[in-house]
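Okay, so here's the structure we're looking at.
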Amino acid sequence: MVDQGKGQKRQEVKMLNRKLLELTGVVNVESFDSEEFLLETELGFLAVKGQNLHMKHLSLEQGMVAIEGLVHSLAYMDGSNASSKSKGLFGKLFK
């Protein structure tokens, strides 16, 4: 890893054949089921959608998450949504 200095945030997204997704910079897992994960990352909230999704690895101490299944999409919420509560985020996601 490259040293980013103080205050700079970093996130890595690695996907292999749409079947394995590895993320760094994860702060919290807000919610998850077999079709969607909602993750709070250092760069904002991230929605991962797909089929048969399940968590392969989780280490919030290291900020790492690995998700297996068929990934359909990754979408970041804008910065103004990051301060909202989870219920507010779900309301905005499903409008």
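The values are calculated or read from the model by the stated rules, or taken from the named source; none is laboratory data. None of the values given here were measured: they were computed from a predicted structure. Cβ sites come from the backbone with ideal geometry, for glycine too, and all protein chains shown count toward neighbours.
Residues that are surrounded by fewer than 10 Cβ atoms within 10 Å (Cβ to Cβ), over 20 Å from LEU16 (Cα atoms) and at pLDDT 55 or above within segment 54-95 comprise GLU61, ASP78, PHE94, listed in sequence order.
Apart from one condition, ALA47 fits all of (1) part of a strand (DSSP E or B); (2) at pLDDT below 95; the exception is (2).
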